[in-house]
Structures are given as structure tokens and as C-alpha cells.
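Colleague: Can you read through this structure? Questions will come right after.
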Amino acid sequence: MILLKKYALQFVGIPYRYGGATPMGGLDCSGFMQILLRSCGIDPPGDQSAQALFDYFCIYGMRDKYACGALAFFGKDGKNISHIGMLLDQYRMIHAAGGDSTVKTIDDAIGKEAFIKIDLVKYRKDLLAVIRPDYS
């Protein structure tokens with residue numbers, strides 16, 4: 001987990017871009033999580049939106065495991081997941097935050113202060129679940 005944490009921290013400051021899946025072009029929350037998960041050999045099939053990752057890890061993960069590498073899912077309910085981040089420890093997470101579907105360029109990201117950043121897990125009030133993937 002120490003290597004995953006070090007790898008994740010290298011992305012701090014990369015601009016948010018809605019639908020973004022590459023560090024050079026910008027990343028949204030699920031694009032960022034896909035990169036981190038793939039670095040550990042985890043590549044869930046099909047769509048990898050925040051909702052799809054929640055659905056997948058509800059089956060293949062350990063719930064309520066607040067530890068480095070756990071995924072924090074946010075939204076209205078289990079059918080409306082709108083955001084995902086990865087825990088660095090039991091209190092902090094790294095995530096692509098501050099953006100929405102209108103953030104398509106670096107200028108948009110700068111204007112909204114939308115970047116990959118570290119926040120407290122309680123930063124958002126809509127936390128639904130914390131699930132730790134099986135990294136073995």
C-alpha cells in the first residue's frame with residue numbers, strides 16, 4: 001500500500017477534466033481511480049464510472065475498511081453514485097475534485113479550482129460507502 005500511496009500522490013495538481021482518463025489531458029474521479037487500480041493489477045470489466053466501480057466492488061471488496069487503498073463512494077444512494085476517491089489513511093482521501101460536466105479544458109479546471117487533491121473524507125457530506133479492493 002505504501003507504493004500505491006506514493007504513486008497516487010504524484011498526481012496531485014493534475015487538472016480535472018470531465019470524462020478525462022489520461023494525466024496529460026486531465027482526469028475525472030473515475031478516470032483517476034482506474035489508473036490507480038490498474039497500477040495494482042485491478043481492471044474491472046466494462047464501464048468504469050464511479051457507479052460501475054461501486055457495483056463491482058460491492059461484490060469483490062471489503063466494506064467499511066477505512067485504510068489506505070480503500071475506495072470512498074459518494075452520492076444520493078447505491079444507485080446514484082456521483083463521486084469516488086481513494087483513502088490515504090482513515091481520515092484523508094485523494095480524488096479528482098471540484099469539477100463537473102462543464103469542465104472540459106485546463107482553463108475550465110483553473111477557473112473552478114478543479115484538480116487532483118487531498119481532502120478529508122468528511123469533506124463531502126454524501127459519503128455512502130468505503131470499500132477496500134482485494135489487492136492481493
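The values are calculated or read from the model by the stated rules, or taken from the named source; none is laboratory data. Treat the numbers as computed from the prediction; the structure is a model and nothing was measured. Reconstructed Cβ throughout: ideal geometry from the backbone, glycine too, with neighbour counts over all protein chains shown. Surface accessibility is based on the protein's heavy atoms, side chains included, excluding ligands, DNA and RNA. Shrake-Rupley method; radii C 1.70, N 1.55, O 1.52, S 1.80 Å.
Colleague: Do you know which of the residues in region 1-44 that are small (Gly, Ala, Ser) and open to solvent by less than 20 Å² (accessible area, probe 1.4 Å) is farthest from Pro133 (Cα to Cα)?
Modeller: Narrowing region 1-44 to residues small (Gly, Ala, Ser): 8, 13, 19-21, 25-26, 30-31, 39, 41.
Still in the list and also open to solvent by less than 20 Å² (accessible area, probe 1.4 Å): 8, 20, 26, 30-31.
Working: Ala8: 16, Gly20: 23, Gly26: 25, Ser30: 15, Gly31: 17 Å.
Top of the filtered list is Gly26.
Colleague: Quick check on region 59-70. Is at least one of its residues outside any loop (DSSP other than H, G, I, E, B), closer than 24 Å to Arg17 by Cα and at pLDDT below 95? Talk me through it step by step, then tell me what you get.
Modeller: Going through region 59-70, the residues outside any loop (DSSP other than H, G, I, E, B) turn out to be 59-63.
Applying the additional criterion that residues be closer than 24 Å to Arg17 by Cα yields none.
No.
Colleague: Just to be sure before I move on: is Gly98 farther than 11 Å from Pro133 by Cα and open to solvent by less than 70 Å² (accessible area, probe 1.4 Å) in the structure I sent?
Modeller: yes
Colleague: Determine whether Phe74 is in contact with a strand residue (DSSP E or B) (Cβ under 7 Å, 6 or more places away or on another chain), not acidic (Asp, Glu) and not in a helix (DSSP H, G or I).
Modeller: Working: in contact with a strand residue (DSSP E or B) (Cβ under 7 Å, 6 or more places away or on another chain): yes; not acidic (Asp, Glu): yes; not in a helix (DSSP H, G or I): yes.
Yes, satisfied.
Colleague: List the residue pairs whose Cβ atoms are under 7 Å apart, where the first residue sits in region 1-29 and is closer than 20 Å to Lys65 by Cβ and of a type outside the set (Val, Ile, Thr), the second is in a loop (DSSP other than H, G, I, E, B) and open to solvent by 20 Å² or more (accessible area, probe 1.4 Å), and the two are 6 or more positions apart or on different chains.
Modeller: Sorted first by the residue in region 1-29, then by its partner, the pairs are Met1/Cys68; Leu4/Cys40; Lys5/Cys68.
Colleague: Give Asp47, Asp107, Asp55 a once-over and let me know the one that is of a type outside the set (A, V, I, L, M, F, W, C), outside any helix (DSSP H, G or I) and open to solvent by 30 Å² or more (accessible area, probe 1.4 Å). Talk me through it step by step, then tell me what you get.
Modeller: Details: Asp107 fails: outside any helix (DSSP H, G or I); Asp55 fails: outside any helix (DSSP H, G or I).
None of the others qualify; the one that does is Asp47.
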